[in-house]
Amino acid sequence: MKIPISIAIITKNEEKNIEDALESVKDFEEIVVVDAFSEDRTVEICKNYTDKIYKLEWKGFATQKQFAVEKTTLPWVFILDADERVTEALKMEITEKISNDDFDGYFIPRKNFFLGKWIKHSGWWPDYTLRLFRKDKGKMQIREVHEKVIVHGKVGYVKEPILHYTYQTFEDFIKKMQIYSSYGALELIKKNPSKCKIVLKIFFAPVFTFFKMFFIKLGFLDGLRGFILAFFYSFYSFLKYAKVWEKQWK
């Protein structure tokens, strides 16, 4: 029997990731894909798993995901990213969860992998994210980056994690860092920050970010990968605030 949950996925040039993601959820009753006019084989691959494929020019992560949610038809929705996988154990747990009426949404932990290895510290575990929810109770919070689902109701937690194969190479990280720092800067500009605050952030936020990830969040226990992550995230922080300064006051 199919699992009575709608899967909502957004894509843009994800031919390297999307097949494994879809393979992991092929036993769900409905799969909805919203593609931002990919130029690779993404859509071709998706057609092997679903006929519910919609095209939407890129309008931001939250807007794309909300559009996908609106195209689903079942009471429960699970939002999945192209670089994530749903395990058999997770399927069993969420099937059991939705069979009762206790909650309207569930936070699910993510097991994040960096350069092929599970990162157990650095603030990357358990990395709870709300992905499973009743369609009539949940909606994406519309913002430029770090989008999340807002559920109007009671929320619970799932034990089994999503597998998240993020940043397989340094090139992946650098490309995404450029994208996310630009979106992060736009989100900050909307809040109309003062020039003084942004200049101070340029100097001190990267240092604090590194210290927090590597020492407070025990990133040093993740070895060299932990150091690299802390360094990259500190540079991401610098880029975000520097881009605000560039757009507002240079």
(message) Using a Gaussian network model on the chain with a 10 Å cutoff between Cα atoms, which of ASP51, ASP222, ASP83 fluctuates the most?
(response) ASP51
(request) Return the sequence-ordered ³J(HN,Hα) values of segment 234-249 in whole Hz as given by the Karplus equation 6.51 cos²θ - 1.76 cosθ + 1.60 applied to θ = phi - 60°, using x for Gly and Pro. (result) 5, 5, 4, 4, 4, 4, 4, 6, 5, 5, 4, 4, 4, 6, 9, 9
(request) Go ahead and run the numbers for FRET between LYS47 and GLU187, Cβ-Cβ distance against an R0 of 41 Å, rounding to 0.05. (result) 0.75
(request) Quick one: what are the phi-derived ³J(HN,Hα) couplings along segment 100-113, Karplus 6.51/-1.76/1.60 with θ = phi - 60°, whole Hz, x for glycine and proline? (result) 10, 10, 6, 10, 9, x, 9, 7, 10, x, 10, 8, 8, 10
(request) Express in Å², to the nearest 10, the accessible area of ASP20 obtained by rolling a 1.4 Å probe over the protein heavy atoms while all chains stay in place. (result) 90
(request) Mind checking segment 1-35 for trypsin sites (Lys or Arg not before Pro) that DSSP puts in a loop (not H, G, I, E or B) and that have at most 11 other Cβ atoms within 10 Å? (result) LYS2
(message) With θ taken as phi - 60° and the coefficients 6.51, -1.76 and 1.60, list the Karplus ³J(HN,Hα) couplings across segment 85-99 in order, rounded to whole Hz; mark glycine and proline as x.
(response) 9, 9, 7, 4, 5, 5, 4, 4, 5, 6, 5, 5, 4, 6, 7
(request) Using R₀ = 35 Å, calculate the FRET efficiency as 1/(1 + (r/R₀)^6) where r is the Cβ-Cβ separation of GLU160 and PHE204; round to 0.05. (result) 0.35
(message) I want to check the label-to-label distance for PHE211 and LYS12. Put each point 7 Å from Cα in the C-beta direction and report it in nm to one decimal.
(response) 3.6
(request) Taking GluC sites (Glu not before Pro) as candidate sites, keep only those in a DSSP loop with at most 16 other Cβ atoms within 10 Å, then name the longest stretch of the chain containing none of them. (result) 58-250
(message) Please compute the modelled spin-label separation between LEU221 and GLN178, points set 7 Å along Cα→Cβ, answer in nm with one decimal.
(response) 3.6
(message) Run through segment 62-159 and list the trypsin sites (Lys or Arg not before Pro) located in a DSSP loop whose Cβ has at most 11 other Cβ atoms within 10 Å.
(response) LYS154, LYS159
(request) For the pairs LYS175/LYS197; LYS190/LYS243; LYS26/LYS91; LYS137/LYS217; LYS16/LYS139, note any where the Cα-Cα span goes beyond 22 Å. (result) LYS175/LYS197; LYS137/LYS217; LYS16/LYS139
(request) Return the distance in nm (one decimal) between the two label points of a simple spin-label model at TYR128 and GLU29, each offset 7 Å from Cα along Cα→Cβ. (result) 2.7
(message) Rounded to the nearest percent, how much of the accessible area of segment 36-83 (1.4 Å probe, protein heavy atoms only) is carbon and sulfur?
(response) 48
(message) So if I place +1 on the C-beta of Lys and Arg and -1 on the C-beta of Asp and Glu, and nothing else carries charge, what would the dipole magnitude of segment 48-200 be about its Cα centre? I want it in debye, nearest 20.
(response) 520
(message) Quick check for you: with a 1.4 Å probe and neighbouring chains kept, what is the accessible area per residue of the chain, in Å²?
(response) 53
(request) At a temperature of 20 °C and a viscosity of 1.002 mPa s, determine how fast the chain diffuses translationally according to Stokes-Einstein, using the Kirkwood radius over alpha-carbon pairs as Rh; express D in µm²/s, rounded to the nearest whole number. (result) 111
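The values are calculated or read from the model by the stated rules, or taken from the named source; none is laboratory data. As the structure is a prediction and not an experimental result, all values here were calculated from the model. Note that each Cβ is placed from the backbone with ideal geometry, even for glycine, and that neighbours are counted across all protein chains shown. Please note that ligands, DNA and RNA were not included when accessible areas were found on the heavy atoms of the full protein model with its side chains. Shrake-Rupley method; radii C 1.70, N 1.55, O 1.52, S 1.80 Å.
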